[in-house]
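Asker: The structure under discussion is supplied below as structure tokens; questions concerning it will follow.
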Amino acid sequence: MAVRRIRQLGDPILRVKCQRVERPSSAAVRLVVDDLRDTLKEARAKYEMGRALSAPQIGAPVRVVVVDITGSRQRIAMVNPEITDVGSEDFELWDDCFSFPGLLVKVSRAYRITVQYTDLKGKPHTLQCEGGMAELLQHEIDHLDGILALDRAAGVDPFAYRSEWEQYHDVAERYGTPHPREAPPD
């Protein structure tokens with residue numbers, strides 16, 4: 001178990017499509033999960049934010065995500081997470097990331113999703129979530145596919161330095177309200 005360096009914007013590993021894990025119960029996977037938990041804990045203290053971390057962010061190109069929601073009992077190690085369903089509503093939010101910690105990016109995400117994953121014992125799970133948890137898992141699963149929130153920037157003026165944005169906005173403004181998904185133009 002160790003605190004690892006979080007890879008920053010520009011590091012090529014953040015653009016790699018991660019490999020599926022064949023043996024979720026292996027010692028190597030448990031080591032990655034332990035390192036993710038330790039690194040998330042330290043990063044959360046340093047940046048005063050953060051609910052999850054994906055394996056490529058610590059240099060491990062495997063499909064593993066750790067979620068640890070402060071103040072709740074949600075501590076989940078997800079192996080090979082996959083979004084299997086999305087609801088019919090989207091919402092806009094100001095996303096942040098440990099790989100570019102001073103920057104906020106306005107993105108549009110599905111408001112409700114279903115995720116299937118395997119735990120560290122190899123047991124399959126299905127999780128239905130909405131709002132902040134749905135956004136979080138979409139963000140982390142994007143990391144496993146080499147996609148960053150920057151790639152999903154939405155609307156006019158979609159970037160802001162966190163310090164500037166917080167001077168003019170309340171934290172509750174980070175999440176918009178759900179609205180029906182627009183059909184793509186023909």
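Asker: Condition test on SER26, is it under 24 Å from GLY122 (Cα atoms), open to solvent by less than 70 Å² (accessible area, probe 1.4 Å), without any contact (Cβ under 8 Å) to a residue 40 or more places away in the chain and of a type in the set (Ser, Thr, Tyr)?
Answerer: On the way: under 24 Å from GLY122 (Cα atoms): yes; open to solvent by less than 70 Å² (accessible area, probe 1.4 Å): yes; without any contact (Cβ under 8 Å) to a residue 40 or more places away in the chain: yes; of a type in the set (Ser, Thr, Tyr): yes.
Yes: the conditions hold for SER26.
Asker: For the stretch 142-154, indicate whether the set of residues that are part of a loop (DSSP other than H, G, I, E, B) and open to solvent by 90 Å² or more (accessible area, probe 1.4 Å) is non-empty. Write out each step before concluding.
Answerer: If we filter the stretch 142-154 for residues that are part of a loop (DSSP other than H, G, I, E, B), which is where we start, we get 145-148, 154.
Right, trim to open to solvent by 90 Å² or more (accessible area, probe 1.4 Å) and you get none.
No, that holds for no residue.
Asker: Mind listing just one residue for me: the one in the stretch 55-82 that is open to solvent by 50 Å² or more (accessible area, probe 1.4 Å) and not in a loop (DSSP other than H, G, I, E, B) and, of those, nearest to VAL16 (Cα to Cα)?
Answerer: Among residues in the stretch 55-82 that are open to solvent by 50 Å² or more (accessible area, probe 1.4 Å) and not in a loop (DSSP other than H, G, I, E, B), the one nearest to VAL16 (Cα to Cα) is GLU82.
Asker: Any residue in the stretch 11-20 that is open to solvent by 100 Å² or more (accessible area, probe 1.4 Å), closer than 20 Å to ASP145 by Cα and in contact with a strand residue (DSSP E or B) (Cβ under 6 Å, 6 or more places away or on another chain)? Before you say what the answer is, go through the steps one by one.
Answerer: Initial filter on the stretch 11-20 (open to solvent by 100 Å² or more (accessible area, probe 1.4 Å)): 15, 17, 19-20.
Cutting the leftovers down to closer than 20 Å to ASP145 by Cα gives us 15, 17, 19-20.
If we keep only those that are in contact with a strand residue (DSSP E or B) (Cβ under 6 Å, 6 or more places away or on another chain) as well, we get 19-20.
Yes; the residues of the stretch 11-20 include at least one that is open to solvent by 100 Å² or more (accessible area, probe 1.4 Å), closer than 20 Å to ASP145 by Cα and in contact with a strand residue (DSSP E or B) (Cβ under 6 Å, 6 or more places away or on another chain).
Asker: Continuing with this model, one more query. Show the residue pairs meeting these rules: Cβ distance below 6 Å; 6+ apart or different chains; first residue within the stretch 38-54 and in contact (Cβ under 8 Å) with a residue 24 or more places away in the chain and acidic (Asp, Glu); second residue open to solvent by 20 Å² or more (accessible area, probe 1.4 Å) and outside any helix (DSSP H, G or I).
Answerer: ASP38/MET1; ASP38/VAL3; GLU42/VAL3
The values are calculated or read from the model by the stated rules, or taken from the named source; none is laboratory data. Because the structure is predicted, anything quoted here is derived from the model rather than measured. Reconstructed Cβ throughout: ideal geometry from the backbone, glycine too, with neighbour counts over all protein chains shown. When the accessible area is computed, the model is the full protein with side chains, heavy atoms only, and any ligands, DNA or RNA have been set aside. Shrake-Rupley method; radii C 1.70, N 1.55, O 1.52, S 1.80 Å.
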